[in-house]
Amino acid sequence: MQNFLVSWLAVAILVVNFISSSLPAEAASQTTKVTIHVPSKSLAIMPYYFGKDKGFFSEAIEPQLVVMSPPTAIAALVAGELDFATTLGAATTAIMRGLPLRRLFYVQQEPAHALLVQPEVKTIQDLVGKVIAVTALTDAVGMSAVVILKAHGLDTSRVTLLATQVSDNAYKALTTGKVAATLLAPPYAEELEAKGYRRLAEARTYAPLSFIGLVASTDAVKKNPQKAYALLAGLYRTMTYLHNPANRTEVIQYIASFHKIDPPLAEKAFATQIASYSKDGTKPRKSVEREIEIYRETFKIAKSFTPDDLEDMSLLRRVQEGAAAQGR
């Protein structure tokens, strides 16, 4: 375990300069800047961009969204060089290995990723001996790939899982023919379908793994709960807005502009994504329990875990209570 922590912290040190250079010059002197890791600009992560652009976050904080790979983000989070991370899968692996992190919010209550393959690949069995791109081997994308393969009788030893760090790299790897398959979220999946790539499986069919949400170190939340509360309040407001049918046209227009895609494609992608979004930042306990079983089985973890070992929903409950009080 000590070697594991050292290696992760070493990566975190390397990412410090990257985060610093990604922020405006005045960021260093303003304590209201909140650095948040994002793995891509897919619709799974879109609520962070949408909420920021709509001004849904408190004036007390200004989210700074930094794209990096999930493992690097978790390492930076543990080292205190990042305020929050959004990939729940990589965080879950870290928690089960003893790192002091907790899930604070679920943007998704179930996955929206799909397995996309080259046009000549007809079945899951056709992937034997081929390369499958995932963002990381230990995040929810990598985990979903493993679960899908096993559900079709394929062991991971019969394929090569390639960690591409971020979704954009996986997208390029498929379109340039470097890999036979990858798992991607909307609108990337819908874009690839429109280009003739085959959609073979839906991640939600095989496992209720958590992809996008909000993760923080337990120490950071204890030291500055106000920062976490303000961010959670903004996320809660954003998700409420996205789920309101009255705002659907505006959201689709935003997606079309944000991803530079046609409105019909944006609408199709949003229809897939909205079904996976959590309405209130939570996830059913039974789904989290099943998720824990999958992680323990995959990584051969003997220790038992409960949802309470992964989550801290106390601040979110305060946000929900505040929103309910305002609504009365």
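Can you list the helices (runs of 4 or more DSSP H) lying wholly within the stretch 211-328 that have 1 or more residues being open to solvent by 20 Å² or more (accessible area, probe 1.4 Å) and under 23 Å from T35 (Cα atoms)?
Working: elements: 218-223, 225-243, 248-259, 263-274, 285-298, 307-310, 314-327.
So the answer is 218-223, 225-243, 248-259, 314-327.
Quick check on my filter: what residues within the stretch 110-134 are touching a Pro at 6+ places or on another chain (Cβ under 8 Å) and open to solvent by 10 Å² or more (accessible area, probe 1.4 Å)?
Once the filter is applied, which keeps residues that are touching a Pro at 6+ places or on another chain (Cβ under 8 Å) and open to solvent by 10 Å² or more (accessible area, probe 1.4 Å), the stretch 110-134 yields only E110.
Could you give every pair whose Cβ atoms fall below 9 Å, whose first residue belongs to the stretch 204-233 and is without any contact (Cβ under 8 Å) to a residue 40 or more places away in the chain, and whose second residue is assigned to a helix (DSSP H, G or I) and open to solvent by 10 Å² or more (accessible area, probe 1.4 Å), counting only separations of at least 6 or pairs across chains?
Close Cβ pairs (under 9 Å, with a partner that is assigned to a helix (DSSP H, G or I) and open to solvent by 10 Å² or more (accessible area, probe 1.4 Å)) amount to T205/A151.
Residues of the stretch 157-179 being assigned to a helix (DSSP H, G or I), surrounded by 15 or more Cβ atoms within 10 Å (Cβ to Cβ), modelled with pLDDT of 90 or more and among the polar types (S, T, N, Q), which ones?
Within the stretch 157-179, N169, T175 meet the criteria.
Could you tell me how many of the residues in the stretch 66-78 are open to solvent by 10 Å² or more (accessible area, probe 1.4 Å) and of a type in the set (V, I, T)?
Total satisfying the criteria: 3.
Restricting attention to the stretch 135-171, which residues are in contact (Cβ under 8 Å) with a residue 24 or more places away in the chain, of a type in the set (V, I, T) and out of contact with any Pro (no Cβ under 8 Å at 6 or more places or on another chain)?
V141, V146, V147, I148, V159, T160, T164
For the stretch 281-294: of the residues being acidic (D, E) and modelled with pLDDT under 95, which is nearest to S314 (Cα to Cα)? Please lay out each step first, then the result.
Restricting attention to the stretch 281-294, the residues satisfying the condition of being acidic (D, E) are 289, 291, 293.
From what is left, the residues that are modelled with pLDDT under 95 are 291, 293.
Values: E291: 21, E293: 24 Å.
Among them, the one singled out is E291.
Can you name the number of the only condition in (1) open to solvent by less than 40 Å² (accessible area, probe 1.4 Å); (2) outside any strand (DSSP E or B); (3) in contact with a Lys or Arg (Cβ under 8 Å, 6 or more places away or on another chain) that P63 fails?
(2)
Yes or no, residue by residue, for (1) modelled with pLDDT of 95 or more; (2) farther than 26 Å from M313 by Cβ:
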site: V11; (1), (2): no, yes
site: V16; (1), (2): no, yes
site: A28; (1), (2): no, yes
site: H37; (1), (2): no, no
site: F50; (1), (2): yes, no
site: A75; (1), (2): no, no
site: T87; (1), (2): no, no
site: P100; (1), (2): yes, no
site: R103; (1), (2): yes, no
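If you take the residues in the stretch 79-109 that are under 17 Å from Y229 (Cβ atoms) and not aliphatic (A, V, I, L, M), which one is most open to solvent (accessible area, probe 1.4 Å)?
Selected residue: R102.
The values are calculated or read from the model by the stated rules, or taken from the named source; none is laboratory data. Please read these numbers as outputs of a predicted model, since none were measured by experiment. Cβ atoms come from the backbone with ideal geometry, glycine included; neighbour counts cover every protein chain shown. We work out accessible area using only protein heavy atoms, side chains counted, and drop any ligands, DNA or RNA first. Shrake-Rupley method; radii C 1.70, N 1.55, O 1.52, S 1.80 Å.
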